Amino acid sequence: MIQFSNVSKHYGNKNLYSNASFQLNPGEKVGLVGPNGAGKTTIFRLLVGEERPDEGQVVCPDKVTVGYFSQNIEDMQGRSVLDEVKSAAGDLSQIEARLPELEAKMCEPLDDEEMSQVLEEYGQLQSEFESRGGYDLSARASEIITGLGFHPDFHHRPTESFSGGWKMRIALAKILLINPDVLLMDEPTNHLDLESIVWLESWLQQFKGALLMTSHDREFMNRLVTKIFEVAHQTLTVYGGNYDFYEKEREIRKTQLIAAAKRQEEMLAKEEEFIARFAARASHAAQVQSRVKKIEKIERIEVPQEEKAIQFNWPEPPRSGDEVFKFNGLTKVYKLDDGKELKVFENLTGLVKRLDRIAVTGVNGAGKSTLLKIVTGQIEPTSGTYQLGASVKLGYFSQNSLDVLNKNNTIVEEVHGRFPTQDLGFIRNLLGAFKFSGDEVEKKISVLSGGEKSRVVLATILAQPVNFLVLDEPTNHLDIQSREVLLDAVKNFPGTVMVVSHDRHFLRQTTTRVFHLDHKELHVYDGTWDEYQERISK
């Protein structure tokens, strides 16, 4: 369907890839993976014609419809959410608006010629509208935007009243509505909550076309893709299977490559030793020249330099009391600007016990973040009581935590400022554990991405002797490797954890209890994430 043949692409002196090739076939679902800056987004831009290869060619048949969801969204204003999504269907939405106009005109007193023209136009448009699925256009658009988290009350709100994250969902809905032959998706789960991710996953499983996507959500990738394209070390490598298979297969191939490189190195050493020993002997001149030519023709096996994993010894926190946080009858009501009240939840009662790993779940707007803010003392409940346990040392992460970083500091200055008594070796080791190595630690906070800022804040929280971690969407904007670093840190954390996250892999690996907020009430489930999923599915 789409051919990516011997493509080379570079920017200035930076070479992204040379002679990269792959084929995207009808119905295939493929994950595109690789480190930041390797050129994943550039591949999407090459496929849709926004950029051209320096060498090679990208071939996409004219009859193939391509839908591309990127992190760059166009300006949206002047339409409701529903109308904005329907606009993706092109003139189909215009036909939908024109048909009622013609129906109204047919009720007017017209002469025979005018009536004939109206009937002819109406017949043509109605036939086209029906054949292209126009009569269920509104229903399909409503289903998609509801699945992506928009309450039906919001379908007719103007798009300009929504934040950038919600506009991302609108842009995603528009791509899904057109149901293209090929779907290109650059981080589609960013800005989605868990329920919306599950809905999108189900939609894509039913999708008949070809799919090529990047995602930081390991579980999302595992459930959808059957092939992986890896962009790394200036080349593109194809793997069969999902992300878990790719990870294992990559390690196997790396081990085999190292072994082959070692065998080649030993062989070359023997050849060079022979040449050095007999180079001056005329009796061996022919053999020496033969071996010199042999060595010159050999293509040297290069083992790509991999980033070394740095182990960091997290500080041992003091032991907290057995009851870490107790709350009874918690109710939270917000006063809105128009004088109305919004009740988030009411009469919540529960207990967080020492060494619990609690996942806080619920649909968007159920009050998950609000509960965590009460737990951490960021806000007060409208009514009810709560108590932090004895000897509890609390560490709290939210997206707002990023705002406390001093944008004028370098990474190492910012972290050293939090641990002034520690030497630079400790600071560099801490940052290395969170994938900041070498000169990277000298980058200014002001130029960091959201994911990099999250890693800086998480490093400073986890390196303190806290015994109660409260994490609100800690994996947002983190790539899969950074999520694994955080996951390992949390798994080895010798205290209590309370977390809101839409990363199911993270929750599966850490959860021992679930606090589920539903219809303003709290339901407590004891057990792992998988046990919780099994109970609610019955």
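The values are calculated or read from the model by the stated rules, or taken from the named source; none is laboratory data. All figures in this text were calculated on a predicted structure; none of them were measured in a lab. Using ideal geometry, Cβ is built from the backbone for each residue, glycine included, and neighbour counts are taken over all protein chains shown.
Among the residues of the range 519-531 satisfying the criterion of being surrounded by 14 or more Cβ atoms within 10 Å (Cβ to Cβ) and under 24 Å from the mean Cα position of the chain (by Cα), which is farthest from THR361 (Cα to Cα)? The residue in question is THR528.
Scanning the range 348-376 for residues that are of a type outside the set (Lys, Arg) and either assigned to a strand (DSSP E or B) or more than 32 Å from the chain's Cα centre (by Cα) (or both) yields LEU348, THR349, GLY350, LEU351, VAL352, ILE358, ALA359, VAL360, THR361.
Right, THR511: β-branched (Val, Ile, Thr) and either assigned by TED's automatic domain parsing to the domain that holds ASN190 or out of contact with any helix residue (DSSP H, G or I) (no Cβ under 9 Å at 6 or more places or on another chain) (or both) or not? Break it down stepwise before answering.
Working: β-branched (Val, Ile, Thr): yes; either assigned by TED's automatic domain parsing to the domain that holds ASN190 or out of contact with any helix residue (DSSP H, G or I) (no Cβ under 9 Å at 6 or more places or on another chain) (or both): no.
No; evaluated as a whole, the condition is false for this residue.
Among the candidates GLU296, GLU306, the residue that is loosely packed, with under 10 Cβ neighbours inside 10 Å, of a type in the set (D, E, K, R), at pLDDT below 95 and within 29 Å of the chain's Cα centre (by Cα) is uniquely GLU306. For ALA20, state whether it is modelled with pLDDT under 90 and among the hydrophobic types (A, V, I, L, M, F, W, C). Against the criterion (modelled with pLDDT under 90 and among the hydrophobic types (A, V, I, L, M, F, W, C)), ALA20 does not qualify. Considering only the range 44-58, I want to know if a residue exists there that is surrounded by 13 or more Cβ atoms within 10 Å (Cβ to Cβ), aliphatic (A, V, I, L, M), in contact with a strand residue (DSSP E or B) (Cβ under 8 Å, 6 or more places away or on another chain) and part of a loop (DSSP other than H, G, I, E, B). Within the range 44-58, one or more residues are surrounded by 13 or more Cβ atoms within 10 Å (Cβ to Cβ), aliphatic (A, V, I, L, M), in contact with a strand residue (DSSP E or B) (Cβ under 8 Å, 6 or more places away or on another chain) and part of a loop (DSSP other than H, G, I, E, B). Pairing each residue of the range 464-482 that is buried (at least 22 other Cβ atoms within 10 Å of the Cβ) with any residue that is acidic (Asp, Glu) and modelled with pLDDT of 90 or more, provided the two are 6+ apart or on different chains, yields C-beta distances under 9 Å for PRO474/ASP503; THR475/ASP217; THR475/ASP503; LEU478/ASP503.
Quick test of your reading of the structure: HIS516 fulfils all but one of (1) buried (at least 19 other Cβ atoms within 10 Å of the Cβ); (2) under 16 Å from ASP193 (Cβ atoms); (3) not small (Gly, Ala, Ser). Name the failing condition by number. Of everything listed in (1) buried (at least 19 other Cβ atoms within 10 Å of the Cβ); (2) under 16 Å from ASP193 (Cβ atoms); (3) not small (Gly, Ala, Ser), HIS516 misses just condition (1).
For the range 152-174, which positions are of a type in the set (Ser, Thr, Tyr), more than 11 Å from VAL85 (Cα to Cα) and in a helix (DSSP H, G or I)? Please lay out each step first, then the result.
So the first thing to find is which residues in the range 152-174 are of a type in the set (Ser, Thr, Tyr), and the list is 159, 161, 163.
Okay, now just the ones that are also more than 11 Å from VAL85 (Cα to Cα), so 161, 163.
Answer for the range 152-174, where residues must be of a type in the set (Ser, Thr, Tyr), more than 11 Å from VAL85 (Cα to Cα) and in a helix (DSSP H, G or I): just SER161.
Considering only residues that are in contact (Cβ under 8 Å) with a residue 24 or more places away in the chain and either closer than 26 Å to ALA171 by Cα or exposed (fewer than 14 other Cβ atoms within 10 Å of the Cβ) (or both), which ones fall in the range 91-112? Answer for the range 91-112, where residues must be in contact (Cβ under 8 Å) with a residue 24 or more places away in the chain and either closer than 26 Å to ALA171 by Cα or exposed (fewer than 14 other Cβ atoms within 10 Å of the Cβ) (or both): LEU92, SER93, ILE95, GLU96, ARG98.
Pick from the range 183-198 the residues that are outside any loop (DSSP other than H, G, I, E, B) and at pLDDT below 95: which of them is nearest to GLU143 (Cα to Cα)? Out of the qualifying residues, it is SER196.
Considering PHE345, PHE436, which residue is in a strand (DSSP E or B), crowded, with 16+ Cβ neighbours inside 10 Å and not small (Gly, Ala, Ser)?
Just a single option satisfies the conditions, and that option is PHE345.
Restrict the check to the range 90-98 and report whether at least one residue is outside any helix (DSSP H, G or I), within 30 Å of GLY147 (Cβ to Cβ) and touching a strand residue (DSSP E or B) at 6+ places or on another chain (Cβ under 8 Å). Before you say what the answer is, go through the steps one by one.
Of the range 90-98, the ones outside any helix (DSSP H, G or I) are 90.
If we keep only those that are within 30 Å of GLY147 (Cβ to Cβ) as well, we get 90.
Next, from what is left, pick out any that are touching a strand residue (DSSP E or B) at 6+ places or on another chain (Cβ under 8 Å): none.
No, there is no match, as no residue in the range 90-98 is outside any helix (DSSP H, G or I), within 30 Å of GLY147 (Cβ to Cβ) and touching a strand residue (DSSP E or B) at 6+ places or on another chain (Cβ under 8 Å).
Note on the range 348-371: among residues that are of a type in the set (A, V, I, L, M, F, W, C) and surrounded by fewer than 18 Cβ atoms within 10 Å (Cβ to Cβ), the one that is farthest from PHE515 (Cα to Cα) is LEU355. For the range 22-43, taking the residues that are in contact (Cβ under 8 Å) with a residue 24 or more places away in the chain and loosely packed, with under 14 Cβ neighbours inside 10 Å, the one that is nearest to ILE480 (Cα to Cα) is identified as ASN36. Residues being assigned to a helix (DSSP H, G or I), in contact (Cβ under 8 Å) with a residue 24 or more places away in the chain and either among the acidic types (Asp, Glu) or assigned by TED's automatic domain parsing to the domain that holds GLY451 (or both) are represented in the range 219-235 by at least one member. Residue-level analysis places VAL85 among those that are at pLDDT below 95 and in a helix (DSSP H, G or I). Only a single criterion out of (1) touching an Asp or Glu at 6+ places or on another chain (Cβ under 9 Å); (2) of a type in the set (A, V, I, L, M, F, W, C); (3) closer than 26 Å to LEU99 by Cα is not satisfied by ILE175, namely (1). Checking each residue in the range 113-151 for being surrounded by fewer than 17 Cβ atoms within 10 Å (Cβ to Cβ) and in a loop (DSSP other than H, G, I, E, B) picks out ARG132, GLY133, HIS151.
Regarding ASP472, is this residue of a type in the set (Asp, Glu), outside the structural domain of GLU195 (by TED's automatic domain parsing) and more than 19 Å from LEU402 (Cα to Cα)? So that I can check it myself, show each step before the final result.
On the way: of a type in the set (Asp, Glu): yes; outside the structural domain of GLU195 (by TED's automatic domain parsing): yes; more than 19 Å from LEU402 (Cα to Cα): no.
When the stated conditions are applied, ASP472 does not pass them.
Every condition in (1) at pLDDT below 90; (2) within 28 Å of MET213 (Cα to Cα); (3) outside the structural domain of LEU46 (by TED's automatic domain parsing) holds for ASP111 except the one numbered (2).
Regarding GLU251, is this residue surrounded by 15 or more Cβ atoms within 10 Å (Cβ to Cβ), out of contact with any Lys or Arg (no Cβ under 8 Å at 6 or more places or on another chain), without any contact (Cβ under 8 Å) to a residue 12 or more places away in the chain and more than 30 Å from HIS516 (Cβ to Cβ)? Spell out how you get there, then give the answer.
On the way: surrounded by 15 or more Cβ atoms within 10 Å (Cβ to Cβ): no; out of contact with any Lys or Arg (no Cβ under 8 Å at 6 or more places or on another chain): yes; without any contact (Cβ under 8 Å) to a residue 12 or more places away in the chain: yes; more than 30 Å from HIS516 (Cβ to Cβ): yes.
Here the answer is no, as GLU251 does not meet what is asked.
With respect to (1) outside the structural domain of PHE220 (by TED's automatic domain parsing); (2) more than 23 Å from LEU172 (Cα to Cα); (3) not hydroxyl-bearing (Ser, Thr, Tyr), the lone exception for ASP75 is condition (2).
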